[in-house]
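The values are calculated or read from the model by the stated rules, or taken from the named source; none is laboratory data. Quick caveat: nothing in here was measured; it's all calculated off a predicted structure. Positions of Cβ are generated from backbone atoms using ideal geometry, with glycine treated the same way; all protein chains shown enter the neighbour counts. For the accessible areas, the whole protein counts, side chains as well, though only heavy atoms, and no ligand, DNA or RNA atoms are used. Shrake-Rupley method; radii C 1.70, N 1.55, O 1.52, S 1.80 Å.
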Amino acid sequence: MLDCAIIGGGPAGLTAGLYTTRGGLDDVIMFEKGMPGGQITSSSEIENYPGATARNLSGMDFMIPWLEQCQRFGLKHEMSEVTRVSRNEDGTFVIHKSDGTTNTAKSVIVATGSTPKRAGFIGEDKYFGRGVSTCATCDGFFYKGKEVAIVGGGDTAMEEALYLAKICTKVYIIHRRDTFRSAPNTIERVKTTPNIEILFNASPQEVLGDAMGVTGIRVVFNDGSTRQIDAPGLFVFVGRDVNNEVLIQEDGSFLCETNNAGEVIVDINMNTSIPGLYATGDLRISAPKQVVSAAGDGSIAALQAIAYVDKISHR
Ligand code: FAD
Ligand code: NAP
């Protein structure tokens with residue numbers, strides 16, 4: 001039986017892995033369905049993690065040393081997709097995986113993060129992967145020397161607009177209100193970048209395309225007027241949904257308490273409503289959705305898990 005199972009290998013899961021193993025738990029596996037590092041690996045640049053002062057530091061380069069550091073202290077990494085976490089009558093947990101196998105664990109730290117939302121306009125799903133994207137670092141290069149459009153007005157939209165403006169001839173930002181929800185210095189950089197044009201009070205009405213992919217976007221303004229933008233790429237940055245699926249039980253209920261948005265309710269120590277089960281990072285209520293805070297959550301949950309495992313082992 002594992003001392004601790006960590007589900008997800010982003011900043012929260014990796015930090016939990018570092019603290020649990022370095023803090024003395026013997027058998028800890030971090031289950032990650034893809035490459036460790038989490039969603040920040042899709043970011044072109046990180047500049048707000050304390051001490052990470054290198055210029056143009058990509059999210060991928062930033063995260064590579066994290067796993068290496070954990071593994072030095074004995075963290076085991078298994079590339080598996082966890083489908084569900086259930087609880088036995090004795091209070092231990094079962095980790096169900098997509099290949100049909102299971103692990104048991106005394107404690108579980110859930111760090112499954114969040115994924116991009118779709119905005120819901122006509123053609124978004126049809127052309128997803130053929131001109132519609134949610135990752136500028138992954139797909140921006142396809143539009144080198146071309147025009148692209150972005151939907152959204154948060155930090156992701158602003159930062160990725162700046163990144164795309166360096167590759168593309170022109171970037172249109174389509175935002176449904178007349179103010180952005182982003183850091184003021186980032187907004188200032190966006191507004192003063194010559195090849196970024198902002199379309200406030202506007203939404204995509206329809207993605208236009210042909211057999212090859214996207215050819216343009218029809219935009220509708222809040223006053224009812226429309227405009228067509230002939231761009232082969234559309235990036236959608238409209239927020240994120242929490243990845244809480246592993247907590248859904250066979251009867252459809254959640255293993256622990258969640259709020260209406262599906263975010264896991266935790267106390268200040270990342271304790272969920274179930275003893276020995278912790279939720280961290282973007283998945284939890286009131287998450288600042290920052291790498292530094294996800295890492296902080298991971299360390300807090302790990303310290304709690306160490307104390308919990310110690311307590312139940314000496315009962
Ligand atoms: P995630 O990073 O989402 O990691 C969760 C991990 O769990 C993923 O690797 C996923 O594959 C894995 N997983 C999910 N479900 C399962 C499952 N069922 N089984 C196994 N594995 C699973 N924050 C900043 O502080 N500064 C920035 O500059 C910044 N820029 C950003 C730019 C972009 C484009 C994006 C998208 C986000 C940015 N953020 C930034 C936010 C930051 O990346 C997140 O807040 C942070 O990564 C959350 O960490 P996490 O560990 O909670 O989750
Ligand atoms: P976000 O902050 O939730 O912003 C989403 C944006 O998309 C908002 O401007 C929203 O408009 C718009 N939107 C939502 N649904 C829409 C729809 N259906 N159609 C059109 N527009 C829609 O999401 P995010 O930018 O991805 O950021 C997520 C979190 O990660 C935030 O907490 C953010 O601070 C954090 N993050 C931080 C950094 C950083 O610190 N450098 C970088 C990236 C992300 P409204 O404004 O009208 O609601």
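In this label model, Asn185 and Glu81 are separated by 4.0 nm, measuring between points 7 Å along each Cα→Cβ vector.
Farthest toward the positive end of the dipole of the chain, out of Cys135, Val148, Gln69, is the Cα of Val148, where the dipole comes from beta carbon charges about the Cα centre. If you take the alpha carbon atoms of segment 80-133 and fit the smallest convex hull around them, that volume is 132 Å³ per residue. By the Cβ-Cβ criterion of under 4.7 Å, the unpaired cysteines of the chain are Cys4, Cys70, Cys168, Cys256. Net charge dipole, the chain: roughly 600 debye, given to the nearest 20, about the Cα centre with Cβ charges of +1 for Lys and Arg and -1 for Asp and Glu.
Assuming charge only on the beta carbon of Lys and Arg (+1) and of Asp and Glu (-1), the dipole of segment 132-236 about its Cα centre is about 160 debye to the nearest 20. With semi-axes defined as the square roots of five times the eigenvalues of the C-alpha gyration tensor, the equivalent ellipsoid of segment 2-147 measures 33, 22, 11 Å, largest first.
The length gained on full extension between Cys138 and Ser286, counted as 0.36 nm times the residue separation minus their Cα-Cα distance, comes to 50.4 nm.
Quick one: longest stretch of the chain between exposed loop GluC sites (Glu not before Pro), exposed meaning at most 10 other C-beta atoms within 10 Å and loop per DSSP? Could you put the intermediate results ahead of the total?
Details: sites that count: Glu89, Glu250.
My reading of the result: 90-249 is the longest stretch.
Farthest towards the positive end of the charge dipole of segment 1-137, among the residues Asn103, Pro116, Ser58, is the Cα of Pro116, using unit charges on the Cβ of Lys, Arg, Asp and Glu.
Output needed: percent of Cα pairs per 5 Å distance bin for segment 132-236, bins running from 0 to the one holding the longest distance. Reading the bins upward from 0: 3, 14, 27, 25, 20, 9, 2, 0, 0. Note that segment 63-220, at 20 °C in a medium of 1.002 mPa s, gets a Stokes-Einstein diffusion coefficient of 113 µm²/s from its Kirkwood radius over C-alpha pairs.
Using a 1.4 Å probe on the protein chains only, how many percent of the accessible area of the chain belongs to carbon and sulfur?
For the chain, the apolar C and S fraction of the accessible surface comes to 49 percent.
Helices meeting the span-like rule in the chain (full DSSP H runs, Cα extent of at least 18 Å along the helix axis, mean Kyte-Doolittle score of -0.5 or higher): 59-72, 155-167, 291-313. Taking Pro116, Pro184, Pro36 in turn, the Gaussian network model of the chain (Cα-Cα springs below 10 Å) assigns the largest fluctuation to Pro184.
Equivalent ellipsoid of segment 34-79: semi-axes from √(5λ) of the C-alpha gyration tensor, largest first, are 22, 13, 6 Å.
Segment 247-304 and segment 1-77 have Cα centres separated by 17 Å.
Counting only protein heavy atoms and a 1.4 Å probe, the chain has 48 square angstrom of accessible area per residue.
Report the far tail of the P(r) of the chain, meaning the percent of Cα-Cα pairs longer than 38 Å. The calculated P(r) of the chain puts 22 percent of pairs beyond 38 Å.
Short-range pairs are left out: with C-alpha atoms under 8 Å and at least six residues apart, the relative contact order of the chain is 21 percent.
Among the trypsin sites (Lys or Arg not before Pro) in segment 159-262, those placed in a DSSP loop whose Cβ has at most 12 other Cβ atoms within 10 Å are Arg177. Each residue, Ser273 and Asn222, gets one label point 7 Å from its Cα in the Cβ direction; the gap between the two is 3.8 nm.
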